[in-house]
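Asks: The structure follows.
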Amino acid sequence: MKVAHFFTNLENNRVQCLLCPHQCIIAEGRRGTCRVRKNEGGILYAQTYGKISSLALDPIEKKPLYHFYPGREILSVGSVGCNLHCSFCQNWSISQASPENFSLREANPEDLASLAHRNGSIGLSYTYNEPFIWWEFVYDTAQLVQKKGLKNVLVTNGYVEEKPLRELLPWIDALNVDLKSMDDDFYRRYCGGTLSPVLRTIEISVQEGVHVEVTNLIIPGLNDRRELIEKLVDWIYDLNPDIPLHFSRYFPAYKLDNPPTTVSLLEEVYHFAREKLPFVYLGNIGGGKGNITFCPACGREVVIRRGYQVDASGLSGNRCRFCGFSLPFYN
């Protein structure tokens, strides 16, 4: 274990964690809501520092990041735990696990940075569970990755306080933020959190020049109302209309058994969002227009995705090969 950052001492050997908006007050011997930050003797420890649950070389499109080094692979690593407890979590066996209930392997920042460098990866993606609750390990590792000329990617729920976010962002190149809904009540009822910190994370990351893409999992009967989709599209448009927006298909998982999202609903949402945003994508449905990047200027197909097979021949650098229009791509 490693002494955690972002906590303050209270009376009776209690501590208050200041990493995320929960700001858990933790008695001695207990842990915060994330399950991985523990008070021992009045000191808060990061229990999963150097402990990993998963390690794989993934297509960058799997994050999903569609405008960040398309067609390349990235070494992906995760641990356990999460500071949200979504009843529909698609990865609950890892994110809702405690360290003692999962077979974790040891890993250190130096080894992961070297492994990413040796495997032809563009860098390291912190994913599978919530990376912000792994803050100390991500911070230490990301600096070494950057020194090797590689990229750091977070796949996150965005539920973090501003100070730790700003301290980590200089080492981060791209984020995909899972924005669950534009309804605060949805966050409280189904995720155990609130909306505004997630919006603030996205805003700050964009302002700091980090590449950001947003994913919204569409759940029938819960967050699929037209006014919520309109609110999301308008909010992204006002922040930066070039932000890629991914609408993803829900399947029953964990504690929620609502029926799967219909493809027809996703296609309806896609066409509506495309009236205002140039870069809209559909996840968990296979092929189709929802996996293609169209040039906003000439309308030609510049990146075609079939599963994780990517044809980016329509790009010349970050420009449309057909008309020369500059697109928001990192490649």
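Asks: How many of the residues in the stretch 306-319 are in a strand (DSSP E or B), in contact with a strand residue (DSSP E or B) (Cβ under 7 Å, 6 or more places away or on another chain) and closer than 22 Å to LEU282 by Cβ? Step through it out loud before you land on a result.
Replies: We begin by selecting, within the stretch 306-319, every residue in a strand (DSSP E or B); these are 306, 309-311, 315-316, 319.
Subset that is in contact with a strand residue (DSSP E or B) (Cβ under 7 Å, 6 or more places away or on another chain): 310-311, 315, 319.
If we keep only those that are closer than 22 Å to LEU282 by Cβ too, we end up with 310-311, 315.
Final tally of qualifying residues: 3.
Asks: Show the residue pairs that are 6+ apart or on different chains and have beta-carbon atoms under 9 Å apart, the first residue being within the stretch 224-235 and assigned by TED's automatic domain parsing to the domain that holds LEU266 and surrounded by 14 or more Cβ atoms within 10 Å (Cβ to Cβ), the second being in a helix (DSSP H, G or I) and not aliphatic (A, V, I, L, M).
Replies: That search, which allows pairs on different chains as well, returns LEU228/PHE186; ILE229/PHE272; GLU230/PHE272; VAL233/PHE272.
Asks: Let me ask another. Among the residues of the stretch 266-288, write down those that are exposed (fewer than 15 other Cβ atoms within 10 Å of the Cβ) and at pLDDT below 95.
Replies: GLY286, GLY287, GLY288
Asks: Which one is surrounded by the most Cβ atoms within 10 Å (Cβ to Cβ) among residues in the stretch 85-131 that are on the phi > 0 side of the Ramachandran plot and of a type outside the set (Ser, Thr, Tyr)?
Replies: Per the criteria, the residue is GLY123.
Asks: Restricting to the stretch 86-144, and then to whatever is farther than 27 Å from LEU169 by Cβ and acidic (Asp, Glu), can you tell me which residue is modelled with the lowest pLDDT?
Replies: It comes out as GLU100.
Asks: List every residue pair whose Cβ atoms lie under 8 Å apart, where the two residues are 6 or more positions apart in sequence or sit on different chains, the first residue falls within the stretch 312-330 and is charged (D, E, K, R), and the second residue, located anywhere, is at pLDDT 95 or above and surrounded by fewer than 16 Cβ atoms within 10 Å (Cβ to Cβ).
Replies: Cβ pairs passing all conditions: ARG319/PHE325; ARG319/SER326; ARG321/SER313.
Asks: Out of VAL206, VAL263, VAL212, report the one residue that is within 30 Å of TYR69 (Cβ to Cβ) and surrounded by 22 or more Cβ atoms within 10 Å (Cβ to Cβ). Talk me through it step by step, then tell me what you get.
Replies: On the way: VAL206 fails: surrounded by 22 or more Cβ atoms within 10 Å (Cβ to Cβ); VAL263 fails: surrounded by 22 or more Cβ atoms within 10 Å (Cβ to Cβ).
Unique residue meeting the criteria: VAL212.
Asks: Conditions first: (1) small (Gly, Ala, Ser); (2) farther than 24 Å from ILE74 by Cβ; (3) not assigned by TED's automatic domain parsing to the domain that holds SER93. SER264 passes all but one, so which condition is the exception?
Replies: All conditions are met except number (3).
Asks: Out of the stretch 79-119, which residues are more than 19 Å from VAL155 (Cβ to Cβ) and either among the charged types (D, E, K, R) or touching a Pro at 6+ places or on another chain (Cβ under 9 Å) (or both)?
Replies: Answer for the stretch 79-119, where residues must be more than 19 Å from VAL155 (Cβ to Cβ) and either among the charged types (D, E, K, R) or touching a Pro at 6+ places or on another chain (Cβ under 9 Å) (or both): GLU100, ARG105, GLU106, GLU110, ASP111, ARG118.
Asks: Residue check: is ILE172 more than 15 Å from the chain's Cα centre (by Cα) and surrounded by 22 or more Cβ atoms within 10 Å (Cβ to Cβ)? Give the steps one after another, and end with the answer.
Replies: On the way: more than 15 Å from the chain's Cα centre (by Cα): no; surrounded by 22 or more Cβ atoms within 10 Å (Cβ to Cβ): yes.
No: the conditions fail for ILE172.
Asks: Let me ask you something else. Among the residues of the stretch 297-320, which ones are in contact with a Leu (Cβ under 8 Å, 6 or more places away or on another chain) and surrounded by 15 or more Cβ atoms within 10 Å (Cβ to Cβ)? Talk me through it step by step, then tell me what you get.
Replies: Applying the first criterion (in contact with a Leu (Cβ under 8 Å, 6 or more places away or on another chain)) to the stretch 297-320 yields 302-303, 315, 318-320.
Across the stretch 297-320, the qualifying residues are VAL302, VAL303, LEU315, ARG319, CYS320.
The values are calculated or read from the model by the stated rules, or taken from the named source; none is laboratory data. In this text, all values refer to a predicted model and were calculated from it rather than measured experimentally. When we count neighbours, we look across all protein chains shown, and the Cβ atoms used for this are built from the backbone with ideal geometry, even at glycine.
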